[in-house]
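To keep things clear, I will list the structure first and then write my remarks on it.
The values are calculated or read from the model by the stated rules, or taken from the named source; none is laboratory data. Remember, it's a predicted structure, so these values are computed and weren't measured experimentally. Every residue, glycine as well, gets a Cβ built from its backbone with ideal geometry; the counts of neighbours run over all protein chains shown. These accessible areas exclude ligands, DNA and RNA; they are computed on the full protein's heavy atoms, side chains included. Shrake-Rupley method; radii C 1.70, N 1.55, O 1.52, S 1.80 Å.
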Amino acid sequence: MISYVYDSIRFIHAADIHLGSLPHVSGELPEELNDIIKQATYRAFARICKKAIDYNVDFLVLSGDVYDREARSVKAMRFFNEQCERLQKNSIPVYTITGNHDPLRERGELLKLPENVHVIGSEQVDIREVRNKEGEVIARILGRSYKERVLSDRELFKHFNLPDSGVWNIGLLHTQLDPNNSNYLPCSLDDLRAVDNIHYWALGHIHKCRILQHQWPVVAYSGIPQGRDFGEEGLGGCLLVEMNPHRAPEIKFLPLSPVVLERVEVKIDEDPDRIPGNIPELEELVLRKAKNILDGGPVIPGGLKAVEGEIGNIEGYIIQWVITGRGEIHQQLEEQEEEVRQVLADSLRQRLRYEKPFIWTDSVLIRTGNQLPELEVLKDNNPVFREVEEVINLCLTDRGMREKLLEEIGQVWEINPDHERIDETRIQLDDDMIGAIIEQARQLVVEKLVEGRGPK
Ligand SMILES: [Mn+2]
């Protein structure tokens, strides 16, 4: 006879560690920074294990892609095992499924896993029981690992069936959460909500932290602990979850990334009285932004709160500065764009690399524009500008117009919601990008019209 304990439990949900992969950085990195970058994914995982011990959790769940490649590196495996042994010494079990990046191999592992690590099978939905020291079941973990690089079972979620809810039930899924995506476990948020007796869906695969449902059943992506490019920018971490039968679930974000990648906009006309007129002034403006980053720290994702005192483990930032706004300096920046970008990047690297945390300038992009008369004034004086405004608004809001526009936009662009199968030779077109293109078109048309009017 199994006795269930339906008391409060505490666990950590993490996913997509991608052990051994490297953040992509431009420029010749000094050796000491290079070492930090190389170690970043390892250190992020070591931090997960340290947090598990510090917060005395009942168990740790990992929702797939612990490793970056099917051919797992021995170094990464050894590191994973060593860290899990630390957890074993503290009586913390680890439950993991494999994802599309590290599907379960049929042949044996090169290294033996510590006994506290439980890899959930790939043949069907498996159920594992978590017991306390008294041998009572405190939770059940359900999941299914990837056997190949794809898992297409549209009905898989239906196999997460349980006889009762007398104990906490946690479902592990590595999914795109898109019913039409047949590669990465097609299902919808509503599908998961409808499954009886699951209390927490611990999801992996999407690399951004997102809580899709805060109440039972909780549906959450913990995100990637250490981002590797600007598509995975911002602070990464894991989720500390506390479930109590008498209260709403408590979910807190634990920051982990040793290195934070960020794209930062620097608007030259942010303060109209201090628009930079030369490169040193522009550099000063970027340095002020850098100081704000060092003083303010990164933004916590998912609208969550970080646990107090948890910020401050960041060793450095990799930043792409995007210079925008309008001013007279635009003309010169445009004429010598390549050199300006190079000179600014070199100088910023030298000036910010010794900060604590360090700031390494990945690159500088110039997206400035000519100074223009106020659009409102233009519209008042000339109906052509009013018409431009109308067309632009139509492009932004009208579906048919937008589709027509997309047909015209050319073959270098691609709309592909499957981020694993992106065509590297094409530019990805999402809603933000379409909006930005339309906005730039507006600027260009207005600019050309103004210039075409000749001297006033
Ligand atoms: Mn992943």
*Around A46, with a cut-off of 11 angstrom between Cβ atoms, what is the net charge of the other residues, counting Lys and Arg +1 and Asp and Glu -1?*
+4
*Take every DSSP beta bridge with both residues inside region 138-244 and express the antiparallel ones as a percent of the total, to the nearest 5.*
15 percent
_Taking 30 Å as the cut-off for C-alpha to C-alpha distance, list the pairs among K75/K289; K38/K252; K51/K112 that go past it._
K75/K289
_For a quick size check, give me the Cα extents of region 1-141 along its three principal axes, largest first, whole Å._
63, 35, 22
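Can you give me the accessible area per residue for the chain, using a 1.4 Å probe, in Å²?
Numbers: 22900 Å² over 456 residues.
With the other protein chains kept in place, the chain gives 50 Å² per residue.
Starting from region 242-278, pick out the trypsin sites (Lys or Arg not before Pro) whose DSSP state is loop and whose Cβ has at most 16 other Cβ atoms within 10 Å.
Working: sites: R247, K252, R263, K267, R274; in loops: R247.
The qualifying sites are R247.
Test of understanding: express the Cα radius of gyration of region 9-257 as a ratio to 2.2 N^0.38 Å, with N the residue count.
Numbers: Rg = 17.3 Å, N = 249, 2.2 N^0.38 = 17.9 Å.
Ratio of Cα Rg to 2.2 N^0.38 Å: 0.96.
Got a sec? What order do E338, E447, E315 fall in by accessible area at 1.4 Å, biggest, i.e. largest, first? List each step's numbers first, then the result.
Details: E338 125, E447 25, E315 45 Å².
Ranked from most to least accessible, the order is E338, E315, E447.
Is it possible to state the helix-based mean residue ellipticity at 222 nm for the chain, with each DSSP H run of 4+ residues giving -39500 (n - 2.57), the sum divided by total residues, to the nearest 500 deg cm²/dmol? What is it? Kindly include the intermediate steps, with their values, before the conclusion.
Numbers: 10 runs with 139 residues, N = 456.
When only DSSP H runs of four or more count, the value is -10000 deg cm²/dmol.
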*Could you work out the local net charge near F230, counting Lys and Arg as +1, Asp and Glu as -1, over the other residues with Cβ closer than 11 Å to its Cβ?*
-3
*Translational D (Stokes-Einstein, µm²/s) of the chain at 25 °C and 0.890 mPa s when Rh comes from the Kirkwood sum over C-alpha pairs?*
99 µm²/s
_If you count only protein heavy atoms and use a 1.4 Å probe, how large is the accessible surface of L110, to the nearest 10 Å²?_
130 Å²
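Counting Lys +1, Arg +1, Asp -1, Glu -1, what net charge surrounds E28 among other residues with beta carbon under 11 Å of its beta carbon?
Values: positive: R349; negative: E31, D346.
For residues surrounding E28, the net value is -1.
Can you give the % of DSSP beta bridges in the chain that are antiparallel, to the nearest 5?
Numbers: 20 of 71 bridges.
Of those bridges, close to 30 percent are antiparallel.
Suppose we take every Cα in region 259-371 and form the convex hull; what volume per residue is that in Å³? Before the final figure, lay out each step's value.
On the way: hull volume 12.2 nm³, N = 113.
In region 259-371, the Cα convex hull volume per residue is 108 Å³.
Can you tell me what share of the DSSP beta bridges in region 9-257 is antiparallel? A percent to the nearest 5 is fine. Walk me through the numbers before you get to the answer.
Working: 20 of 47 bridges.
That works out to approximately 45 percent antiparallel.
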*Would you work out if region 64-182 is rounded, prolate or oblate? Take a ≥ b ≥ c from the square roots of the eigenvalues of the alpha-carbon gyration tensor; rounded if a/c is under 1.5, else prolate when a/b is larger than b/c, oblate otherwise.*
oblate
